[in-house]
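Asks: Below are the structure tokens for one structure; questions will follow.
Any read-out appearing in this document is the output of simple, stated calculations on the displayed coordinates, not a laboratory observation. Source: prediction; values computed, not measured. Here the Cβ positions follow ideal geometry from the backbone for every residue, glycine too, while neighbour counts run over all protein chains shown.
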Amino acid sequence: MTRLRTAILISGRGSNMDALIAASKDPSFPADIALVLSNRPDAPGLAKAKAAGVATAAVDHKIYAGREEFERSLQIALETYRIEFICLAGFMRLFTPWFIKQWRGRMLNIHPALLPAYRGLDTHERALADGVKIHGATVHFVVPEMDEGPIVAQVAVPVLDDDTPETLAARVLAQEHVVYPMALRLVASGALRIEGNRVLGALAPHETALIVPDAAAAPRRIS
Ligand code: GRF
């Protein structure tokens, strides 16, 4: 089996990165994490990736005159490692249309909300302020508009009476670590197709729609 050479782009702690690397250790996983790339040389996730035996690189956005110059360096790093696919995992830079065009249909992001609700930042605070009862996370293809693009998979969790933004974030994050590898597995295996704004072709609803009804439930493991 040829595995899809995948880069994970991070800016911070990289817990989703950890989950993707862990999933890729299974030889039957259809993506190989060939590079972890950060725009912050001090991102804690870089050390974790190295410890896991994954190649790392940093392209410090601060030293570039503009976004395009920064992205051209990113692109060179990605080409150097013969990267075919990108997973954004807490990568805190917006891309220009040029970069997104290079990777259209070949770049996923995870967002900590049930899109199209709560695009942007502070999703957990805003969900609590609105009094919603269900919250979650979304894995989607990246398009030029921020936090838009065809949705691959979503996970839903309950919002509890005594939740704070931190407890809610932790409940969602535990499920991000389940849904992101699931989504990458499906995409990298070639099972899915994009039709307009929809991603179709999953064999069963539980492959793309995770519902975790019990707040105490252990995260569902991918096989
Ligand atoms: C996650 O909440 C993810 O949904 C968002 O950024 C955060 C990254 O966390 N895009 P981590 O670095 O993966 O721990």
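Asks: Which value results for Rg/Rh of the range 19-75 when Rg is the Cα radius of gyration and Rh the Kirkwood radius based on the inverse mean 1/r?
Replies: 1.07
Asks: Could you give the length gained by full extension between ARG119 and ALA77, i.e. 0.36 nm per residue of separation minus their alpha carbon distance, to one decimal place?
Replies: On the way: separation 42, 0.36 × 42 = 15.12 nm, distance 2.90 nm.
My answer for the length gained is 12.2 nm.
Asks: How many lysine pairs does the chain hold where the Cα atoms are under 25 Å apart and the two sit 8 or more places apart or on different chains? Could you put the intermediate results ahead of the total?
Replies: Details: LYS25/LYS48; LYS25/LYS50; LYS48/LYS62; LYS50/LYS62; LYS62/LYS101.
The result is 5.
Asks: With the Cα gyration tensor of the range 1-103 giving a ≥ b ≥ c as the square roots of its eigenvalues, does the rule (a/c under 1.5 for rounded; else a/b larger than b/c for prolate; else oblate) give rounded, prolate or oblate? Please list the in-between numbers first.
Replies: On the way: a/c = 2.11, a/b = 1.40, b/c = 1.50.
Cα axes put the range 1-103 in the oblate bin.
Asks: I've got another one for you. Among LEU186, LEU121, LEU35, which one shows the biggest mean-square fluctuation in a GNM of the chain, springs joining Cα atoms closer than 10 Å?
Replies: Between LEU186, LEU121, LEU35, it is LEU121 that shows the largest mean-square fluctuation.
Asks: Something else: Can you tally the net charge around GLU68? Count Lys and Arg as +1, Asp and Glu as -1, for every other residue whose Cβ sits under 14 Å from the Cβ of GLU68.
Replies: Working: positive: ARG67, ARG72, ARG93, LYS101; negative: GLU69, GLU71.
It works out to a net charge of +2.
Asks: How large are Rg and Dmax for the chain when calculated on the C-alpha trace, in angstrom?
Replies: In order Rg, Dmax, the Cα atoms of the chain give 16.8, 50 Å.
Asks: Set the Förster radius R0 to 25 Å, insert the Cβ-Cβ distance between ARG104 and TYR64 as r into 1/(1 + (r/R0)^6), and round the FRET efficiency to 0.05. Intermediate values should be presented prior to the final figure.
Replies: Values: r = 23 Å, r/R0 = 0.91.
The value I calculate is 0.65.
Asks: What FRET efficiency do you get for ARG93 and LYS50 if R0 is 30 Å and r is their Cβ-Cβ distance, rounded to the nearest 0.05? Write down the numbers at each step before the final one.
Replies: On the way: r = 22 Å, r/R0 = 0.72.
Working from the Cβ atoms, E equals 0.90.
Asks: Non-local amide H neighbours of LEU114 (under 5 Å, H modeled in plane, Pro and chain starts lacking H): which ones?
Replies: GLY136
Asks: So how do 74-80, 44-50 stack up, highest first, on mean other-Cβ count within 10 Å?
Replies: Values: 74-80: 15.6, 44-50: 18.1.
Averaged packing, sorted descending, gives the order 44-50, 74-80.
Asks: I would also like to ask the following. Mind grabbing the base-10 log of I(q)/I(0) for the range 109-223 at q = 0.10, 0.14, 0.16 Å⁻¹? Debye formula, identical points on the C-alpha positions, no solvent, two decimal places.
Replies: Debye intensities relative to I(0), on a log10 scale: -0.28, -0.54, -0.70.
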